[in-house]
Structure formats: structure tokens, C-alpha cells
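Down below is the structure, laid out as C-alpha cells.
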């Protein structure tokens, strides 16, 4: 089992790199929004999920985003975070079709309402991204 050094500065820097690679601007916007109300929480968000967990060697970023999209869809109450991770999935190489299938799979385990909400969140992200990139939403 590989462990990361526990130096707080190292964790934070590793977390910032992972956040940029995975979530891009969306992740930094979340951190900036938290800085005003809970700067310590913003730091924890960078250090633990991104500096410690996402940076582990056991899974690649694609696999981690598949798991994250599935979990957030199944939760059914985390639409803003789901949208950020749908973007992240696209950023790390998941296709729109793969993301749609991941969310549809959750109907089996989390029910149709959770899957429907997830699909509508994905549609919003795909539409927004297509508008920004001027790509068709196929």
C-alpha cells in the first residue's frame, strides 16, 4: 500500500495539481467560493480528496471519475457536485456516451429519480460545454 508524505504543504501542492488536471476552472471556482466563508474547508478539500485520494496510484483518473459520477448520481442530492464531476469526466477522457451509461446504470441501484436527475444534470453540462466549445451536442 503506497502512502503519501504527510507534509501539509506537499499535500496541498499535490492537491492543487490534481484539482487543475481533473476539474480545471470548475474546481478552482468551488475553492474560491469557499475561501470567503470557510477558507480552512477549502484547504481540506484540496488536501484530502485531491492531494491524498485522487493522487493515489491504484486507479487512473478515468476510473476515479467513473466511480465519482456513479456515487454522486446515486446520492441523488448532490447535483452541483455531479455537474462538476461530469465536467471532470470529460476532462479526463470519458465520452458523453460513457457518462450517460454510467448514470443510466444507477437506475438499477439508486432508482429512476436519481438516474433522471443525473441525466438532466449531464444534459446541462453537455449543452453548456457544447455552447462554450461550439460543438454539436450529439
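The values are calculated or read from the model by the stated rules, or taken from the named source; none is laboratory data. These figures come from a predicted structure and were not determined experimentally. Quick reminder, even Gly has a Cβ in these numbers, built from the backbone with ideal geometry, and neighbours come from all protein chains shown.
Can you pull out the helices (runs of 4 or more DSSP H) entirely within region 58-138 that have at least 3 residues that are without any contact (Cβ under 8 Å) to a residue 24 or more places away in the chain and farther than 21 Å from residue 24 by Cα?
Ranges flagged: 96-110, 112-133.
Residue under question is residue 114, and the condition is that it be crowded, with 16+ Cβ neighbours inside 10 Å and outside the structural domain of residue 29 (by TED's automatic domain parsing); does it hold?
So residue 114 passes the test.
Is there a residue being without any contact (Cβ under 8 Å) to a residue 60 or more places away in the chain, crowded, with 16+ Cβ neighbours inside 10 Å and under 26 Å from residue 105 (Cα atoms) anywhere in region 15-37?
No, because not a single residue in region 15-37 is without any contact (Cβ under 8 Å) to a residue 60 or more places away in the chain, crowded, with 16+ Cβ neighbours inside 10 Å and under 26 Å from residue 105 (Cα atoms).
If residue 7 satisfies all but one of (1) at positive phi; (2) more than 17 Å from the chain's Cα centre (by Cα), what's the number of the condition it fails?
(1)
Is it the case, given these coordinates, that residue 35 is modelled with pLDDT under 90, over 17 Å from the mean Cα position of the chain (by Cα) and either part of a helix (DSSP H, G or I) or closer than 21 Å to residue 129 by Cα (or both)?
Here the answer is yes, as residue 35 does meet what is asked.
Looking at (1) modelled with pLDDT of 95 or more; (2) farther than 21 Å from residue 124 by Cα, which is the one condition that is false for residue 79?
So the condition that residue 79 fails would be (2).
Test of understanding: among 66, 53, which residue is buried (at least 19 other Cβ atoms within 10 Å of the Cβ) and either under 15 Å from residue 100 (Cα atoms) or not assigned by TED's automatic domain parsing to the domain that holds residue 99 (or both)?
66
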